[in-house]
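Since the structure comes first, as C-alpha coordinates, the remarks are kept for the end.
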Amino acid sequence: MSDVEPTPAIHDIGGLSRFRCTPVEHDEAPPDAFGKRVDALRQILAQKKMMTVDELRRGIEAIPEEEYFSLTYYERWLTSITSLLIEKGVVTPEELK
Amino acid sequence: MSAPARPQSIAHLERLIAALTARGLVSEAELAARQASTDRASPEVGARMVARAWLDPEWRALMLRDGAAAAEQMGVSMAGAPPLGVLEDTPTLHHLVVCTLCSCYPRAVLGYPPSWYKSFEYRSRAVREPRAVLAEWGTTLPPGTRLRVVDSTADYRWMVLPLRPAGTEGWSEDRLAALVTRDALVGVALPQVPTALAAE
Amino acid sequence: MTEARFAPGDRVRVRYDWPEQRPQPNGLPSAHIRTPHYLRGRLGTVQAVLGSFANPEDLAFARPAPKRALYHVLFDQPPIWNEGAPGDSLLVEIFEHWLEPLESQEQAA
(Lines give C-alpha, C1' and ligand atoms only; values in the text may rest on other atoms or scores of the structure.)
Protein backbone atom coordinates (compact mmCIF):
# COMPACT_ATOMS: atom_id res chain seq x y z
CA MET A 1 0.00 0.00 0.00
CA SER A 2 3.03 2.26 0.45
CA ASP A 3 6.79 2.30 -0.05
CA VAL A 4 7.33 0.56 3.27
CA GLU A 5 5.33 -2.51 2.30
CA PRO A 6 6.98 -5.72 3.55
CA THR A 7 8.95 -7.87 1.12
CA PRO A 8 6.75 -10.70 -0.18
CA ALA A 9 7.78 -14.33 0.20
CA ILE A 10 9.99 -15.72 -2.56
CA HIS A 11 7.18 -17.35 -4.56
CA ASP A 12 4.72 -14.48 -4.20
CA ILE A 13 5.77 -12.60 -7.32
CA GLY A 14 2.60 -10.99 -8.70
CA GLY A 15 3.43 -7.51 -10.03
CA LEU A 16 7.02 -7.40 -8.79
CA SER A 17 9.01 -4.54 -10.33
CA ARG A 18 12.01 -6.77 -11.02
CA PHE A 19 10.13 -8.56 -13.81
CA ARG A 20 8.49 -5.48 -15.32
CA CYS A 21 8.78 -5.25 -19.07
CA THR A 22 10.88 -8.42 -19.31
CA PRO A 23 9.37 -10.27 -22.27
CA VAL A 24 7.77 -13.64 -21.56
CA GLU A 25 9.82 -16.22 -23.40
CA HIS A 26 7.34 -18.16 -25.52
CA ASP A 27 8.72 -21.51 -24.57
CA GLU A 28 6.08 -24.07 -25.44
CA ALA A 29 8.12 -27.09 -24.43
CA PRO A 30 6.35 -29.71 -22.34
CA PRO A 31 8.33 -31.08 -19.38
CA ASP A 32 11.36 -33.22 -20.27
CA ALA A 33 11.71 -36.84 -19.12
CA PHE A 34 13.11 -35.72 -15.75
CA GLY A 35 10.22 -33.29 -15.20
CA LYS A 36 7.58 -35.83 -16.13
CA ARG A 37 9.09 -38.36 -13.74
CA VAL A 38 9.16 -35.88 -10.84
CA ASP A 39 5.59 -34.91 -11.71
CA ALA A 40 4.43 -38.55 -11.71
CA LEU A 41 6.22 -39.20 -8.40
CA ARG A 42 4.53 -36.21 -6.79
CA GLN A 43 1.10 -37.38 -7.94
CA ILE A 44 1.69 -40.86 -6.53
CA LEU A 45 2.89 -39.50 -3.17
CA ALA A 46 -0.21 -37.28 -3.00
CA GLN A 47 -2.51 -40.12 -3.98
CA LYS A 48 -0.99 -42.27 -1.22
CA LYS A 49 -1.55 -39.45 1.29
CA MET A 50 2.19 -39.11 1.86
CA MET A 51 2.19 -35.39 1.09
CA THR A 52 -0.27 -32.68 0.07
CA VAL A 53 0.25 -30.19 -2.72
CA ASP A 54 0.31 -27.52 -0.02
CA GLU A 55 3.22 -29.25 1.68
CA LEU A 56 4.99 -29.40 -1.68
CA ARG A 57 4.50 -25.64 -2.03
CA ARG A 58 5.67 -24.97 1.52
CA GLY A 59 8.81 -26.97 0.77
CA ILE A 60 9.43 -24.98 -2.40
CA GLU A 61 8.95 -21.73 -0.52
CA ALA A 62 11.57 -22.85 2.02
CA ILE A 63 14.34 -23.12 -0.61
CA PRO A 64 16.99 -20.42 0.05
CA GLU A 65 16.78 -17.59 -2.48
CA GLU A 66 20.06 -18.22 -4.25
CA GLU A 67 19.24 -21.88 -4.81
CA TYR A 68 15.61 -21.11 -5.66
CA PHE A 69 16.53 -19.03 -8.69
CA SER A 70 19.30 -21.38 -9.88
CA LEU A 71 17.12 -24.50 -9.94
CA THR A 72 14.79 -25.43 -12.77
CA TYR A 73 11.07 -25.78 -12.07
CA TYR A 74 11.05 -29.51 -11.49
CA GLU A 75 14.37 -29.38 -9.60
CA ARG A 76 12.56 -27.15 -7.09
CA TRP A 77 9.82 -29.78 -6.85
CA LEU A 78 12.39 -32.52 -6.28
CA THR A 79 14.16 -30.44 -3.62
CA SER A 80 10.86 -29.94 -1.81
CA ILE A 81 9.75 -33.58 -2.12
CA THR A 82 13.11 -34.71 -0.73
CA SER A 83 13.00 -32.33 2.26
CA LEU A 84 9.45 -33.39 3.06
CA LEU A 85 10.22 -37.11 2.90
CA ILE A 86 13.23 -36.57 5.16
CA GLU A 87 11.16 -34.41 7.53
CA LYS A 88 8.57 -37.19 7.72
CA GLY A 89 11.23 -39.83 8.34
CA VAL A 90 10.33 -41.75 5.17
CA VAL A 91 13.88 -41.61 3.79
CA THR A 92 17.21 -40.62 5.33
CA PRO A 93 19.62 -38.00 3.98
CA GLU A 94 22.42 -40.61 4.03
CA GLU A 95 20.82 -42.97 1.52
CA LEU A 96 20.31 -40.12 -0.95
CA LYS A 97 23.98 -39.11 -0.99
CA MET B 1 13.38 -21.37 -17.29
CA SER B 2 13.28 -24.63 -19.16
CA ALA B 3 16.99 -25.34 -19.00
CA PRO B 4 17.57 -29.08 -18.77
CA ALA B 5 17.83 -30.64 -15.32
CA ARG B 6 21.42 -31.05 -14.15
CA PRO B 7 22.91 -34.57 -14.14
CA GLN B 8 23.19 -34.50 -10.34
CA SER B 9 19.46 -33.78 -10.08
CA ILE B 10 18.63 -36.68 -12.36
CA ALA B 11 20.89 -38.94 -10.27
CA HIS B 12 19.29 -37.62 -7.07
CA LEU B 13 15.80 -38.40 -8.38
CA GLU B 14 16.83 -41.95 -9.19
CA ARG B 15 18.32 -42.45 -5.68
CA LEU B 16 15.11 -41.14 -4.14
CA ILE B 17 12.95 -43.41 -6.29
CA ALA B 18 15.22 -46.35 -5.45
CA ALA B 19 14.86 -45.62 -1.71
CA LEU B 20 11.07 -45.39 -2.03
CA THR B 21 10.93 -48.52 -4.19
CA ALA B 22 12.99 -50.46 -1.63
CA ARG B 23 10.33 -49.60 0.96
CA GLY B 24 7.53 -50.67 -1.37
CA LEU B 25 6.15 -47.11 -1.53
CA VAL B 26 6.36 -46.61 -5.28
CA SER B 27 7.09 -48.80 -8.26
CA GLU B 28 8.25 -48.27 -11.82
CA ALA B 29 4.89 -49.59 -13.01
CA GLU B 30 3.03 -46.96 -10.98
CA LEU B 31 5.29 -44.20 -12.26
CA ALA B 32 4.80 -45.30 -15.85
CA ALA B 33 1.03 -45.56 -15.47
CA ARG B 34 0.77 -42.17 -13.80
CA GLN B 35 2.90 -40.52 -16.45
CA ALA B 36 0.90 -42.15 -19.25
CA SER B 37 -2.38 -40.87 -17.83
CA THR B 38 -0.93 -37.37 -17.37
CA ASP B 39 0.37 -37.43 -20.94
CA ARG B 40 -3.11 -38.22 -22.25
CA ALA B 41 -4.60 -34.91 -21.04
CA SER B 42 -4.41 -32.26 -23.74
CA PRO B 43 -5.92 -28.90 -24.72
CA GLU B 44 -8.05 -30.77 -27.26
CA VAL B 45 -10.40 -31.62 -24.40
CA GLY B 46 -10.83 -27.96 -23.44
CA ALA B 47 -11.21 -27.03 -27.11
CA ARG B 48 -14.00 -29.57 -27.62
CA MET B 49 -15.78 -28.28 -24.52
CA VAL B 50 -15.66 -24.75 -25.90
CA ALA B 51 -16.83 -25.71 -29.39
CA ARG B 52 -19.77 -27.58 -27.92
CA ALA B 53 -20.63 -24.58 -25.72
CA TRP B 54 -20.75 -22.42 -28.84
CA LEU B 55 -23.34 -24.75 -30.37
CA ASP B 56 -25.39 -26.03 -27.44
CA PRO B 57 -26.85 -23.57 -24.89
CA GLU B 58 -27.71 -26.32 -22.41
CA TRP B 59 -24.18 -27.63 -22.48
CA ARG B 60 -22.89 -24.10 -22.12
CA ALA B 61 -25.00 -23.63 -18.98
CA LEU B 62 -23.73 -26.89 -17.51
CA MET B 63 -20.13 -25.99 -18.27
CA LEU B 64 -20.46 -22.59 -16.59
CA ARG B 65 -22.25 -24.09 -13.59
CA ASP B 66 -19.96 -27.07 -13.07
CA GLY B 67 -16.90 -27.35 -15.28
CA ALA B 68 -15.84 -30.65 -13.73
CA ALA B 69 -19.22 -32.26 -14.52
CA ALA B 70 -18.90 -31.02 -18.11
CA ALA B 71 -15.37 -32.43 -18.35
CA GLU B 72 -16.62 -35.77 -17.02
CA GLN B 73 -19.19 -35.83 -19.81
CA MET B 74 -16.29 -35.40 -22.23
CA GLY B 75 -14.84 -38.61 -20.85
CA VAL B 76 -12.26 -36.99 -18.57
CA SER B 77 -11.94 -38.57 -15.14
CA MET B 78 -12.07 -35.72 -12.65
CA ALA B 79 -11.79 -37.99 -9.59
CA GLY B 80 -9.29 -36.40 -7.25
CA ALA B 81 -8.89 -33.39 -9.54
CA PRO B 82 -9.61 -29.87 -8.27
CA PRO B 83 -12.96 -28.30 -9.22
CA LEU B 84 -12.92 -26.73 -12.69
CA GLY B 85 -14.27 -23.20 -13.13
CA VAL B 86 -15.11 -21.79 -16.56
CA LEU B 87 -14.76 -18.06 -17.21
CA GLU B 88 -17.23 -16.77 -19.81
CA ASP B 89 -15.94 -14.07 -22.14
CA THR B 90 -18.50 -11.58 -23.46
CA PRO B 91 -18.24 -8.89 -26.16
CA THR B 92 -17.16 -6.46 -23.41
CA LEU B 93 -15.22 -8.70 -21.02
CA HIS B 94 -12.15 -10.86 -21.63
CA HIS B 95 -10.50 -13.20 -19.10
CA LEU B 96 -6.83 -14.05 -18.66
CA VAL B 97 -5.67 -16.81 -16.29
CA VAL B 98 -2.44 -16.77 -14.29
CA CYS B 99 -1.16 -18.26 -11.04
CA THR B 100 1.13 -15.71 -9.41
CA LEU B 101 1.94 -17.94 -6.43
CA CYS B 102 2.94 -21.16 -8.22
CA SER B 103 1.57 -22.61 -11.46
CA CYS B 104 -2.02 -23.77 -10.88
CA TYR B 105 -3.41 -24.83 -14.25
CA PRO B 106 -6.45 -26.85 -15.37
CA ARG B 107 -4.34 -29.86 -16.27
CA ALA B 108 -7.29 -32.24 -16.56
CA VAL B 109 -8.58 -30.38 -19.62
CA LEU B 110 -5.42 -28.63 -20.90
CA GLY B 111 -2.59 -31.06 -20.14
CA TYR B 112 0.82 -29.99 -18.83
CA PRO B 113 1.25 -26.23 -18.52
CA PRO B 114 3.70 -24.81 -21.06
CA SER B 115 6.97 -23.41 -19.73
CA TRP B 116 5.94 -19.81 -20.26
CA TYR B 117 2.91 -20.22 -17.99
CA LYS B 118 5.28 -21.21 -15.17
CA SER B 119 7.83 -18.47 -15.92
CA PHE B 120 8.53 -15.74 -13.37
CA GLU B 121 7.87 -13.13 -16.07
CA TYR B 122 4.39 -14.35 -16.97
CA ARG B 123 3.37 -14.96 -13.36
CA SER B 124 4.57 -11.54 -12.28
CA ARG B 125 3.47 -9.42 -15.22
CA ALA B 126 0.06 -10.89 -16.07
CA VAL B 127 -1.55 -9.18 -13.08
CA ARG B 128 0.24 -5.84 -13.38
CA GLU B 129 0.61 -5.21 -17.11
CA PRO B 130 -1.72 -7.77 -18.67
CA ARG B 131 -2.32 -5.84 -21.86
CA ALA B 132 1.42 -5.64 -22.50
CA VAL B 133 1.61 -9.41 -21.99
CA LEU B 134 -1.27 -9.95 -24.43
CA ALA B 135 0.52 -7.75 -26.96
CA GLU B 136 3.49 -10.13 -26.84
CA TRP B 137 1.10 -12.80 -28.14
CA GLY B 138 -0.08 -10.38 -30.80
CA THR B 139 -3.39 -10.10 -29.00
CA THR B 140 -5.19 -6.76 -28.96
CA LEU B 141 -8.62 -6.66 -27.39
CA PRO B 142 -11.38 -4.90 -29.34
CA PRO B 143 -11.96 -1.33 -28.11
CA GLY B 144 -14.29 -1.19 -25.13
CA THR B 145 -13.34 -4.66 -23.88
CA ARG B 146 -12.52 -4.81 -20.20
CA LEU B 147 -9.83 -7.26 -19.15
CA ARG B 148 -10.30 -9.45 -16.09
CA VAL B 149 -7.19 -11.24 -14.85
CA VAL B 150 -7.95 -14.34 -12.79
CA ASP B 151 -5.18 -15.15 -10.31
CA SER B 152 -5.60 -18.85 -9.61
CA THR B 153 -4.58 -18.93 -5.96
CA ALA B 154 -6.49 -21.72 -4.28
CA ASP B 155 -8.62 -24.79 -4.85
CA TYR B 156 -10.21 -24.19 -8.26
CA ARG B 157 -8.60 -24.44 -11.66
CA TRP B 158 -9.80 -22.04 -14.34
CA MET B 159 -10.23 -22.12 -18.10
CA VAL B 160 -11.61 -19.46 -20.42
CA LEU B 161 -14.70 -19.88 -22.59
CA PRO B 162 -13.76 -17.44 -25.36
CA LEU B 163 -16.11 -15.74 -27.81
CA ARG B 164 -16.98 -17.60 -30.96
CA PRO B 165 -15.30 -15.76 -33.82
CA ALA B 166 -17.37 -14.17 -36.55
CA GLY B 167 -17.44 -15.97 -39.87
CA THR B 168 -17.99 -19.43 -38.37
CA GLU B 169 -21.75 -19.67 -38.91
CA GLY B 170 -22.81 -23.20 -39.75
CA TRP B 171 -19.48 -24.76 -38.78
CA SER B 172 -19.40 -28.23 -37.24
CA GLU B 173 -18.21 -28.89 -33.70
CA ASP B 174 -14.98 -30.44 -34.99
CA ARG B 175 -14.24 -27.51 -37.22
CA LEU B 176 -14.91 -25.04 -34.41
CA ALA B 177 -12.80 -27.02 -31.93
CA ALA B 178 -9.83 -26.74 -34.28
CA LEU B 179 -9.93 -22.94 -33.81
CA VAL B 180 -9.60 -23.16 -30.03
CA THR B 181 -5.94 -23.21 -29.07
CA ARG B 182 -4.40 -23.80 -25.68
CA ASP B 183 -3.48 -20.10 -25.65
CA ALA B 184 -7.14 -19.16 -26.17
CA LEU B 185 -8.15 -21.36 -23.23
CA VAL B 186 -5.68 -19.49 -20.99
CA GLY B 187 -6.75 -16.15 -22.47
CA VAL B 188 -3.48 -14.91 -24.00
CA ALA B 189 -4.98 -15.33 -27.48
CA LEU B 190 -8.38 -15.12 -29.14
CA PRO B 191 -9.75 -17.82 -31.45
CA GLN B 192 -9.04 -16.75 -35.01
CA VAL B 193 -10.48 -17.88 -38.30
CA PRO B 194 -7.51 -18.48 -40.61
CA THR B 195 -7.61 -15.88 -43.37
CA ALA B 196 -7.63 -18.54 -46.08
CA LEU B 197 -10.77 -20.07 -44.56
CA ALA B 198 -12.44 -16.74 -43.88
CA ALA B 199 -12.23 -16.02 -47.60
CA GLU B 200 -14.16 -19.19 -48.49
CA MET C 1 -20.39 -27.31 4.31
CA THR C 2 -19.07 -24.37 6.31
CA GLU C 3 -21.48 -21.48 6.71
CA ALA C 4 -20.36 -18.61 4.46
CA ARG C 5 -20.14 -15.28 6.23
CA PHE C 6 -20.19 -13.20 3.04
CA ALA C 7 -22.53 -13.15 0.06
CA PRO C 8 -22.05 -12.01 -3.54
CA GLY C 9 -22.05 -8.21 -3.68
CA ASP C 10 -20.57 -7.75 -0.20
CA ARG C 11 -17.75 -5.25 0.01
CA VAL C 12 -14.73 -6.67 1.82
CA ARG C 13 -11.21 -5.72 2.78
CA VAL C 14 -8.32 -8.18 2.58
CA ARG C 15 -6.54 -8.37 5.92
CA TYR C 16 -3.32 -6.37 6.02
CA ASP C 17 -1.24 -9.07 7.65
CA TRP C 18 2.15 -10.57 6.78
CA PRO C 19 2.55 -13.92 8.57
CA GLU C 20 5.39 -14.80 6.19
CA GLN C 21 7.42 -12.06 7.87
CA ARG C 22 7.54 -14.15 11.05
CA PRO C 23 9.79 -17.13 10.21
CA GLN C 24 10.61 -19.99 12.53
CA PRO C 25 13.70 -19.61 14.75
CA ASN C 26 15.63 -21.78 12.23
CA GLY C 27 14.79 -19.33 9.46
CA LEU C 28 12.37 -21.62 7.65
CA PRO C 29 8.92 -20.27 6.77
CA SER C 30 6.34 -20.53 9.55
CA ALA C 31 3.45 -19.83 7.22
CA HIS C 32 2.15 -20.83 3.80
CA ILE C 33 -0.18 -18.14 2.49
CA ARG C 34 -2.44 -18.27 -0.56
CA THR C 35 -3.41 -14.59 -0.38
CA PRO C 36 -1.11 -12.72 -2.79
CA HIS C 37 0.93 -9.90 -1.28
CA TYR C 38 -0.47 -7.31 -3.70
CA LEU C 39 -3.98 -7.67 -2.28
CA ARG C 40 -3.21 -7.21 1.41
CA GLY C 41 -5.32 -4.36 2.71
CA ARG C 42 -7.18 -3.94 -0.61
CA LEU C 43 -10.91 -3.42 -1.02
CA GLY C 44 -12.89 -5.80 -3.19
CA THR C 45 -16.35 -7.18 -3.86
CA VAL C 46 -17.39 -10.77 -3.32
CA GLN C 47 -18.40 -12.17 -6.70
CA ALA C 48 -19.12 -15.77 -5.73
CA VAL C 49 -18.98 -18.25 -2.88
CA LEU C 50 -16.89 -21.07 -4.32
CA GLY C 51 -17.47 -23.61 -1.55
CA SER C 52 -15.45 -24.67 1.44
CA PHE C 53 -12.04 -26.25 1.36
CA ALA C 54 -9.46 -27.53 3.83
CA ASN C 55 -7.31 -24.60 4.92
CA PRO C 56 -4.07 -24.73 2.91
CA GLU C 57 -2.24 -22.91 5.71
CA ASP C 58 -2.76 -26.03 7.84
CA LEU C 59 -2.39 -28.60 5.05
CA ALA C 60 1.04 -27.16 4.26
CA PHE C 61 2.29 -28.22 7.68
CA ALA C 62 0.34 -31.52 7.84
CA ARG C 63 -1.85 -30.15 10.62
CA PRO C 64 -5.56 -30.97 10.93
CA ALA C 65 -7.12 -28.62 8.38
CA PRO C 66 -10.67 -27.44 9.08
CA LYS C 67 -12.62 -26.37 6.02
CA ARG C 68 -12.93 -22.66 5.34
CA ALA C 69 -15.27 -20.82 3.02
CA LEU C 70 -13.58 -19.77 -0.22
CA TYR C 71 -14.70 -16.75 -2.26
CA HIS C 72 -14.08 -15.27 -5.65
CA VAL C 73 -13.34 -11.64 -4.91
CA LEU C 74 -13.22 -8.92 -7.58
CA PHE C 75 -10.79 -5.99 -7.36
CA ASP C 76 -10.27 -2.93 -9.56
CA GLN C 77 -6.89 -3.48 -11.17
CA PRO C 78 -5.57 0.05 -11.84
CA PRO C 79 -5.39 1.26 -8.19
CA ILE C 80 -3.18 -1.64 -7.15
CA TRP C 81 -0.09 -0.48 -9.04
CA ASN C 82 -1.42 2.90 -10.14
CA GLU C 83 -1.30 1.77 -13.74
CA GLY C 84 -3.46 -0.20 -16.14
CA ALA C 85 -6.63 0.44 -18.08
CA PRO C 86 -9.79 1.77 -16.39
CA GLY C 87 -12.37 -0.97 -16.04
CA ASP C 88 -9.79 -3.77 -15.88
CA SER C 89 -10.08 -6.03 -12.86
CA LEU C 90 -8.56 -8.89 -10.92
CA LEU C 91 -10.59 -11.89 -9.76
CA VAL C 92 -8.93 -13.92 -7.03
CA GLU C 93 -9.81 -16.87 -4.76
CA ILE C 94 -9.52 -15.79 -1.13
CA PHE C 95 -10.33 -17.70 2.03
CA GLU C 96 -12.81 -16.22 4.50
CA HIS C 97 -10.30 -15.74 7.31
CA TRP C 98 -8.44 -13.28 5.08
CA LEU C 99 -11.51 -11.09 4.55
CA GLU C 100 -13.05 -8.41 6.76
CA PRO C 101 -16.44 -6.80 6.22
CA LEU C 102 -15.97 -3.27 4.99
CA GLU C 103 -18.86 -1.65 6.87
CA SER C 104 -17.81 -2.64 10.39
CA GLN C 105 -14.24 -1.51 9.66
CA GLU C 106 -15.46 1.87 8.54
CA GLN C 107 -17.68 2.22 11.58
CA ALA C 108 -14.73 1.40 13.79
CA ALA C 109 -12.52 3.95 12.08
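The values are calculated or read from the model by the stated rules, or taken from the named source; none is laboratory data. Computed from a predicted model, the values in this text were never measured in an experiment. Please note: Cβ atoms are built from the backbone with ideal geometry, for glycine as well, and neighbour counts cover all protein chains shown. Ligands, DNA and RNA are stripped out before the accessible areas are found, and what is left, the full protein with its side chains, is counted by its heavy atoms. Shrake-Rupley method; radii C 1.70, N 1.55, O 1.52, S 1.80 Å.
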Taking N as the number of residues in segment B:1-41, what value does Rg over Cα atoms divided by 2.2 N^0.38 Å take?
1.38
Where the centre of each part is set by its Cα atoms, how far does segment B:64-92 sit from segment C:22-47, in angstrom?
28
Taking all protein chains as present, what is the carbon and sulfur share of the accessible area of segment B:29-179, in % to the nearest whole number, probe 1.4 Å?
52
So what is the relative contact order for segment B:41-192, in percent, with contacts set as C-alpha pairs under 8 Å and at least six apart?
34
Using the Cβ atoms and a cut-off under 10 Å, what net charge is assigned to the surroundings of B:Leu110, where Lys and Arg are +1 and Asp and Glu are -1?
+2
Using the Cα centre as the reference, give the magnitude of the dipole from point charges on the C-beta atoms of segment B:1-153 (Lys, Arg: +1; Asp, Glu: -1; all else neutral), rounded to the nearest 20 debye.
360
Can you find, among C:Pro8, C:Tyr38, C:Ser52, the residue farthest towards the positive end of the dipole of chain C? Put +1 on the C-beta of Lys and Arg, -1 on that of Asp and Glu.
C:Ser52
Surface accessible to a 1.4 Å probe, per residue, for the residues of chain B, Å²
41
Using just the C-alpha positions of the protein assembly as shown as equal point scatterers, what log10 of I(q)/I(0) does the Debye formula give at each q in 0.06, 0.15 1/Å?
-0.24, -1.57
Could you work out, for chain B, what percent of all Cα-Cα pairs fall into each 10 Å distance bin, beginning at 0 Å and stopping at the bin that holds the largest distance?
8, 30, 33, 18, 8, 2, 0
Interface C/B, total buried accessible area with a 1.4 Å probe, nearest 100 Å²?
2000
For chain B, calculated [θ]222 nm from helices alone, where every DSSP H run of n ≥ 4 adds -39500 (n - 2.57):
-13000 deg cm²/dmol
Quote the relative contact order of chain A in percent (integer), defining contacts as alpha-carbon pairs under 8 Å separated by 6+ residues.
26
For segment B:91-200, evaluate the Debye formula with one uniform point scatterer on each Cα (no solvent term) and list log10 I(q)/I(0) at q = 0.21 Å⁻¹, rounded to two decimals.
-1.18
Relative contact order for chain C, counting Cα pairs under 8 Å that sit 6 or more residues apart, in percent:
29
Max mean-square fluctuation residue, GNM over chain B, Cα-Cα springs under 10 Å, options B:Ser124, B:Ser37, B:Ser172
B:Ser37
Give the separation of the Cα centroids, segment B:1-29 to segment B:39-62, in Å.
36
Just the number, please: Stokes-Einstein D of chain C in µm²/s, Kirkwood Rh from C-alpha pairs, 20 °C, 1.002 mPa s.
142
Run the 1.4 Å probe and let me know the accessible area of B:Lys118, rounded to the nearest 10 Å².
10
Would you mind checking the tilt of helix B:43-55 against the longest principal axis of the Cα atoms of chain B, expressed as 0 to 90 degrees and rounded to 10?
30
Considering all projection directions equally, how large on average is the shadow of the alpha-carbon convex hull of segment C:44-83, in square nanometres?
3.7
Would you kindly find the accessible area of A:Arg18, with a 1.4 Å probe and non-protein molecules such as ligands, DNA and RNA excluded, rounding to the nearest 10 Å²?
140
What is the dipole size for the protein assembly as shown, taken about its Cα centre, with +1 at each Lys and Arg Cβ and -1 at each Asp and Glu Cβ, in debye to the nearest 20?
540
How shielded is A:52-63 by partner chains, expressed as the average number of their Cβ atoms within 10 Å of its Cβ atoms?
6
From highest to lowest solvent-accessible area (probe 1.4 Å; ligands, DNA and RNA excluded), B:Leu55, B:Leu25, B:Leu141, B:Leu20 read B:Leu55, B:Leu25, B:Leu141, B:Leu20
For q = 0.26 Å⁻¹, Debye-computed log10 I/I(0) when each Cα of segment A:36-97 counts as one equal scatterer:
-1.21
Any idea how far the Cα center of segment A:18-97 sits from the one of segment B:132-179, in Å?
31
To the nearest 20 debye, segment C:11-108 has a Cα-centred charge dipole, built from +1 on Lys and Arg Cβ and -1 on Asp and Glu Cβ, of 300
Taking only DSSP H segments of four or more residues, each worth -39500 (n - 2.57), what value at 222 nm results for chain C once the sum is divided by all its residues, to the nearest 500 deg cm²/dmol?
-2500 deg cm²/dmol
